[in-house]
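The values are calculated or read from the model by the stated rules, or taken from the named source; none is laboratory data. All of these numbers come straight from a predicted model, not from anything done at the bench. For neighbour counting, all protein chains shown are included, and Cβ atoms are generated from backbone atoms with ideal geometry for every residue, glycine included.
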Amino acid sequence: MSLQGNQPQLQTNLNARHRRGKIWRIIFIASTIIAIIALAILLISIIDDSFGYAAITYKIPPSQLAPAGKSLETMSCEELIPILEENVSPNRFRQLQSEKPFTEWSQEECYETVVFEVSQPKAEETWSLIYSLRYANELAAYVEQEYPDGILEFKQWLNIDFITQPQSKDPLIAGIRTAIIGSLYIIIIVIVIAFPIGIAAAIYLEEYASQSRIHRIIQTNINNLAGVPSIIYGMLGLAFFVRVLEPLTSGYIFGYSNEATANGRTILSAGLTLTLLILPVVIINAQEAIKAVPNSLREASYGMGATKWQTVWNHVLPNAVSGILTGTILSVSRAFGETAPLIVVGASTYVTFDPDSIFSKFTTIPIQIYQWTARPQDAYKNIAAAAIIVLLIFLLALNATAIYLRNRYSRRLQ
Amino acid sequence: MSINIKLATDQFTPTTPTETSNGRFAVEATNLHVYYGNFLAVKEVNLKVETQKITAMIGPSGCGKSTVLRAFNRMNDLVPIARTEGEVLFHGQNIYAEGVDPVEVRKHVGMVFQKPNPFPKSIYENIAWGVRINGFKGKKLDMDDVVVESLKDAALWDEVHDKLQQSGLSLSGGQQQRLCIARAVAVKPDIILMDEPCSALDPISTLKIEELMRDLSKHYTIIIVTHNMQQAARVSDYTAFFTLDENRAGYLMESGQTNQIFMNPKEKVTEDYITGRFG
């Protein structure tokens, strides 16, 4: 209806304008929905692979090992050790004992060792969660037919053991502990080095540097470096940190020499490489945060007779800190999920012992995922999915920290 | 009021008004030119500002009055492309002379800005901070005294005495501006520059600030830039009228006692501007 009498011209015009607006609105909504669907598919497929039935066969079923009327699970270590001794080679038995004297073993350890050393379970086939739930009966029949000695077991691939156990060749007992520790080591190195350098550089560029030609060249280069593909940083890390600085990164010059490790392919090299990778992003984020501090605040400070440093330290930084932290933490989460440069730098894909210093060989969660997905066996696919969930949880935790810090500091300033 | 502010450096120690022969003038600008890059923003300003009086600078937009004001405490130094020529004497000493630290100039020549810009800190800290960075080494109780005195000087004490730990940003616009004045007063400057201090405020807050300026002028020299002709007429003792030439360079048209400028201007342009015929 037109507003004032007969103005058909205005009315048609208005309708067309509203129509155009509606079309755009629909496009925006559709884009959002597509993004949400993509995310949902990703999450569902990961969770789908992290749980589900597995057909497991044993070399000697645990039920045959236990004396009649008893089950292995309830037997004590004193009863379990002889079974172990009976069924493994003398060499293996001595090896197990030398790793940790039997007297110190808990019942659970005894049980698990007997199962894995003697029964030797093997995941023949695995099925995804949705498939498992839908075709449970068919699967039972199928396993009975295909693997007469096997059992059908519902596996939670993501469980406490998975997080606390080290890497193993057997997907049934492989865990991600070494990778988690490796990732955390590297992230700490990145934070310790990239934060101070990046923030200091940002302060210099924003507050001190004069607007000269050199300044513009530096700024352009930082922006370009932020867009350089990560694999190239990996090459740089390999050439410089691993090769040139080997005495440093492998710890020789600190008297840390363990011939079995790393030749420069250490946590330190990886941390330094990822530091270089995120440094431009940290600088740019911190610069943006510093730029966002209103100039009136700087003027107020100078107007009181404050020096440049007093102004920066007392006003610019406290007001920029939430932005700086948000930006830098998000770049750290980028480093956390980074794979390619670490492969080039020489992350070991198979590390069963925890790194004990920054000069150790290492693996990280993304590397572990990459390695597992490359394996042909079904079960590796499942533990890779479980590892992805662990990785996502870490990333969410980092992002949540960023949000928390931002809210906390911006509230303090009100 | 006993405050003991020790200066970090002593290379710039202006003599007090009573000690100098030309103590009548707090600021004397001689042949002042300010450039922004190649652009001449202000030319040939010769202006004497009387001590412990209020001097208003008026003129159309872009005539360089704010630039001149900011030349008096070297705030233009913060603009990378700005360049200043000529002399600005502060109680007889040129603040643009070699070896003069602008940081110290600003301690003696405080400033209040167009938009209230309290620090995002508590009301107490807003005032204490400036005193502290200027080398205050006293006890907490002395600092409390400084804060209370400054707030009283800025006619803000009655309104905020029970909420000193609240954020300065929680105050109303007019209160924030008075907090900025209190903050400036706290470091005991000789001169307070005010760059359109009331342009963001309502009439009641404006009135309060004007009354406050009258009070402060008993102890301080105040220079105020304003677009509000009535304000200049109401509050100031002296008025300087700026305008711009055909190259958009601002210059001082005429200055004198406010009565004379408003009642009996020498220049036609001044009269036209004041009576609202242009600008």
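Would segment A:276-295 turn up any residue that is in contact with a His (Cβ under 7 Å, 6 or more places away or on another chain), within 14 Å of chain B (Cβ to nearest Cβ) and part of a helix (DSSP H, G or I)? No, every residue in segment A:276-295 fails to be in contact with a His (Cβ under 7 Å, 6 or more places away or on another chain), within 14 Å of chain B (Cβ to nearest Cβ) and part of a helix (DSSP H, G or I). Within segment B:212-233, residues that are on the phi < 0 side of the Ramachandran plot have Cβ atoms under 6 Å from residues that are of a type outside the set (D, E, K, R) and in a helix (DSSP H, G or I) in these pairs: B:213/B:235; B:222/B:213; B:225/B:66; B:225/B:69; B:226/B:232; B:233/B:262, counting only partners at least 6 apart in sequence or on another chain. Can you say whether residue A:386 is within 12 Å of the chain's Cα centre (by Cα), under 16 Å from residue A:268 (Cβ atoms) and assigned to a helix (DSSP H, G or I), as far as the supplied structure shows? For residue A:386, the condition - within 12 Å of the chain's Cα centre (by Cα), under 16 Å from residue A:268 (Cβ atoms) and assigned to a helix (DSSP H, G or I) - is not met. Screening residue A:301 with (1) surrounded by 22 or more Cβ atoms within 10 Å (Cβ to Cβ); (2) more than 14 Å from chain B (Cβ to nearest Cβ); (3) of a type in the set (S, T, N, Q) gives one miss only, at (2).
Being modelled with pLDDT of 90 or more, at the interface with chain B (Cβ under 9 Å from one of its Cβ atoms) and assigned to a helix (DSSP H, G or I) is a property that residue A:306 lacks. Inspection of segment A:262-281 finds a residue satisfying the criterion of being at positive phi and surrounded by 22 or more Cβ atoms within 10 Å (Cβ to Cβ).
Of all residues in segment A:306-326, those being closer than 19 Å to residue B:187 by Cβ and touching a helix residue (DSSP H, G or I) at 6+ places or on another chain (Cβ under 6 Å) number 5.
Each residue in segment B:158-174 was checked for being within 23 Å of residue B:133 (Cβ to Cβ) and crowded, with 17+ Cβ neighbours inside 10 Å, and 6 of them qualify. Can you find, within segment B:112-149, the residue that is surrounded by the most Cβ atoms within 10 Å (Cβ to Cβ) among those that are among the polar types (S, T, N, Q) and not in a loop (DSSP other than H, G, I, E, B)? Filtering first and then ranking leaves B:126. In segment B:179-203, the qualifying residues are those that are assigned to a loop (DSSP other than H, G, I, E, B) and away from chain A (no Cβ under 11 Å), and the one that is surrounded by the most Cβ atoms within 10 Å (Cβ to Cβ) is B:197.
I'd like to check something: does segment A:119-126 contain any residue that is within 30 Å of residue A:48 (Cα to Cα), in contact with a Lys or Arg (Cβ under 8 Å, 6 or more places away or on another chain) and in a helix (DSSP H, G or I)? Yes.
In segment B:84-111, the residue that is surrounded by the fewest Cβ atoms within 10 Å (Cβ to Cβ) out of those that are among the charged types (D, E, K, R) and within 14 Å of chain A (Cβ to nearest Cβ) is B:101.
In segment B:204-218, how many residues are outside any loop (DSSP other than H, G, I, E, B) and either closer than 18 Å to residue A:300 by Cβ or in contact with a strand residue (DSSP E or B) (Cβ under 8 Å, 6 or more places away or on another chain) (or both)? Qualifying residue count, segment B:204-218: 4. Looking at the structure I just gave you, is residue A:230 in contact with a helix residue (DSSP H, G or I) (Cβ under 9 Å, 6 or more places away or on another chain), of a type in the set (Ser, Thr, Tyr) and modelled with pLDDT of 90 or more? Spelling it out, residue A:230 is indeed in contact with a helix residue (DSSP H, G or I) (Cβ under 9 Å, 6 or more places away or on another chain), of a type in the set (Ser, Thr, Tyr) and modelled with pLDDT of 90 or more. Taking segment B:112-125 as the range and being among the hydrophobic types (A, V, I, L, M, F, W, C) and either without any contact (Cβ under 8 Å) to a residue 40 or more places away in the chain or more than 9 Å from every other protein chain (Cβ to nearest Cβ) (or both) as the test, only B:123 passes.
For segment B:92-111, a residue qualifies if it is in contact with an Asp or Glu (Cβ under 7 Å, 6 or more places away or on another chain) and assigned to a loop (DSSP other than H, G, I, E, B), and exactly one does: B:96.
Which residues, taken from segment A:28-84, are assigned to a helix (DSSP H, G or I), under 30 Å from residue A:132 (Cα atoms) and among the β-branched types (Val, Ile, Thr)? Matches in segment A:28-84: A:33, A:34, A:36, A:37, A:41, A:44, A:46, A:47, A:74. The set of residues from segment A:134-191 being touching a Leu at 6+ places or on another chain (Cβ under 7 Å) and over 21 Å from residue A:355 (Cβ atoms) comprises A:139, A:140, A:143, A:152. Do we have any residue at all in segment A:386-396 that's touching a strand residue (DSSP E or B) at 6+ places or on another chain (Cβ under 9 Å), surrounded by 16 or more Cβ atoms within 10 Å (Cβ to Cβ) and farther than 16 Å from residue A:329 by Cα? Within segment A:386-396 (the criterion being touching a strand residue (DSSP E or B) at 6+ places or on another chain (Cβ under 9 Å), surrounded by 16 or more Cβ atoms within 10 Å (Cβ to Cβ) and farther than 16 Å from residue A:329 by Cα), the answer is yes, since at least one residue qualifies.
Between B:244, B:252, B:216, which is over 15 Å from the mean Cα position of the chain (by Cα), at pLDDT 90 or above and aliphatic (A, V, I, L, M)? So the residue among B:244, B:252, B:216 that is over 15 Å from the mean Cα position of the chain (by Cα), at pLDDT 90 or above and aliphatic (A, V, I, L, M) is B:252. With respect to being over 36 Å from the mean Cα position of the chain (by Cα), at pLDDT 95 or above, of a type outside the set (Phe, Trp, Tyr) and not assigned by TED's automatic domain parsing to the domain that holds residue A:369, residue A:41 falls outside the description. For the condition within 14 Å of another protein chain (Cβ to nearest Cβ) and assigned to a helix (DSSP H, G or I), residue A:371 does not qualify.
Condition check for residue B:221 on (1) more than 25 Å from residue B:91 (Cβ to Cβ); (2) crowded, with 21+ Cβ neighbours inside 10 Å; (3) in contact with a strand residue (DSSP E or B) (Cβ under 7 Å, 6 or more places away or on another chain): one failure, at (1).
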